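Taking it in order: structure first as structure tokens, then the write-up.
The values are calculated or read from the model by the stated rules, or taken from the named source; none is laboratory data. These numbers were taken from a predicted model, which means no experiment stands behind them. Cβ placement follows ideal geometry from the backbone for every residue including glycine, while neighbour counts extend to all protein chains displayed.
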Amino acid sequence: MVSCDAAPGELMLSDLLSSLGRSDRSQPWVDRDRETQLDLVAHARGIAALLDGRRGRVVLSCGQARSYVPGLLGAWLAGATVELLPNVQQGTLDRVDADEDVAYVLHDVAARQARSPKAIYVPGALANARDSTGAAEPRPTAWPEIAVRLTTSGTTERPKYVTKSMAQLIGEIDVLAAVFPGARCVLSTVPLSHFYGLVFGVLLPLRLGARIVSHEALLPVDIAAIVERESVDLLISTPAHLRAMAAAAMPRGLRVISSAARMPPDLHMRLATDHGWHVTDLLGSTETGVIATRHHPMHPWTALPGVKLSAPDDRLVVESPWCDGARVELDDRVELRQGGTFEYLGRSGELVKIAGKRAHAHAIEATVLAVPGVTDVALVVHAAVGKEPRVALAVCVATDGPAVGRDDITGVIRQQFDAVFVPKIIKIVPRIPRTERGKLDTPAMRELLGLHTTATTHHIPVRRVGPGQYLADIPHDLVFFRGHFDGVAILPGAVLIERVVWPVVRAELPEINALRGIRRLRFRRPVFPDQQLSVTVKHDHGRLTFEVSCAASVVASGQLLVD
């Protein structure tokens, strides 16, 4: 392995590929193409030359591996931190354009090229590089201190930024290559913007010297055709995608890795029995990377080599060499066993509490899923102001299966759960709304079920984490986002001072009575919904200063004049 701590300025992309892939780099790297790993090195150098000279993060918004991989490696070669977006909705792209710390946006959708001066259309850049006889070589540079910055899915809390160093990435890939050896061609149905997609759809294949399939297919019939055409032997996917494949005619004998959501035992067994697939289930998170694996739904989970686990009060705590922080406490409940194995008990957030009684949402969903004819189900809990929470269900039913009605669903729930968990709302739908990452799209689900909420909160929660140090979580439904900036939700500067900075000052220095004014006030970048801010206040020799930052970037600063 090439050390990521080598002398700055000496590491070139060919060194990275030598450490990731086989010594024979004349093999194709994508599809059944003539493009080899040596060609990939040249493509990445061409991208790096385009990025040379401007400081800032590089947003990678390519959906196709053929553009994504040269863009990723080219940005790293240029010494830039790569940022992966949670989605490519207009509001997200507007935030990128407004962020002064973003230097370029690499993308592969031609229609986006005209909308931003930061945009680089990667397919066009690669075509120009092939036609150029004297392409500029990028200057040698050090690896970026932070290799990638991305956003958590926000399944159980507000999304937040997570960063990974090059050493952490390569360290995790080394271990995964030993756990999943021998792949020759890898197909991923997981978006490359997801950390799971980055690691298993790009970096692991490069490390194994395997070909990467570049595609847009998600339908089982298209995936089956790709597997046959490309001789795919490792499929990276999610339970949502695999459930559709379980009911379709698929090639036999695939190795499958599944993550991003819990794999139901019945689905695991169907894939093994009907298709002869060898399925490995992963437990992990964006913050921790891969935590554990299992190969059978009835077997306990086994921690990945190098990962240490503890479970005070049954809450999973992870110590991993490839995550920031010595200990990461997760919202997962486990029962530890000897030899580094454990039983997974579910997420704390899945516990539904109604009228003093408790049940797990996953258990209710599994009960409904066992009804003949039901193909998918999702549960949400809705609590109107001043009223008891209630359960709502969306259910998918096979068009060629037995008829399923409300009585069938409520009947099986009554047999196993208290009557308070019988859904008040049940809707038969053609499809459960899920994100491109395979997770439940909760806002879309609530809209589908008619559970509407309005943005009415005025409160920004602030908590102390150390002397003069506070964290503020910016709610997505904050009323101050409305009506100030056309088309973009940006927190007004006055609100930042009044609702974040001043409460921190009053909490840290209760003897202060009033704010008379502010000197040297600077707003450096906008604040958006669902961001977490770090607030620091210092009172030194009569001067009271503050600094607000987000993901290590300064948002605002100034000196407060107080009484």
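Of note:
- Residues that are surrounded by 24 or more Cβ atoms within 10 Å (Cβ to Cβ) and more than 25 Å from Thr435 (Cα to Cα) within region 52-86 comprise Pro70, Leu73, Gly74, Ala75, Trp76, Leu77, Ala78, Ala80, listed in sequence order.
- Selected residue (criterion: nearest to Pro86 (Cα to Cα)) from residues of region 490-505 that are surrounded by 14 or more Cβ atoms within 10 Å (Cβ to Cβ) and of a type outside the set (Val, Ile, Thr): Leu491
- Long-range neighbours under 8 Å by Cβ, at least six apart or interchain, first residue outside the structural domain of Thr280 (by TED's automatic domain parsing) and on the phi > 0 side of the Ramachandran plot within region 188-211, second among the small types (Gly, Ala, Ser) and outside any helix (DSSP H, G or I): Gly209/Gly21
- Of residues in region 273-306 being out of contact with any strand residue (DSSP E or B) (no Cβ under 6 Å at 6 or more places or on another chain) and crowded, with 17+ Cβ neighbours inside 10 Å, the one farthest from Asp376 (Cα to Cα): Gly289
- Some residue of region 250-258 being in contact (Cβ under 8 Å) with a residue 40 or more places away in the chain, among the hydroxyl-bearing types (Ser, Thr, Tyr) and in contact with a strand residue (DSSP E or B) (Cβ under 8 Å, 6 or more places away or on another chain): no
- Residues that are within 28 Å of Thr238 (Cα to Cα) and either of a type in the set (Lys, Arg) or in the same structural domain as Ser237 (by TED's automatic domain parsing) (or both), drawn from region 396-444: Lys427, Arg431, Arg434, Arg437, Lys439
- Members of region 484-523 found to be assigned to a loop (DSSP other than H, G, I, E, B) and either modelled with pLDDT of 90 or more or in contact with a strand residue (DSSP E or B) (Cβ under 9 Å, 6 or more places away or on another chain) (or both), listed by number: Ala489, Leu491, Leu509, Ile512, Asn513, Ala514
- Which listed residue is at pLDDT below 90 and assigned to a helix (DSSP H, G or I), from Ala366, Ala359: Ala366
- Qualifying residue in region 329-342 (condition: outside any strand (DSSP E or B), over 27 Å from Leu192 (Cα atoms) and at pLDDT 85 or above): yes
- Residues considered: Ser553, Ser549, Ser534. Of these, the only one that is under 25 Å from Thr151 (Cβ atoms), among the hydroxyl-bearing types (Ser, Thr, Tyr) and in contact with a Lys or Arg (Cβ under 9 Å, 6 or more places away or on another chain) is Ser553.
- Helices (runs of 4 or more DSSP H) lying entirely in region 172-253 (those with 1 or more residues that are farther than 20 Å from Ala292 by Cβ and over 24 Å from the mean Cα position of the chain (by Cα)): 220-230, 239-246
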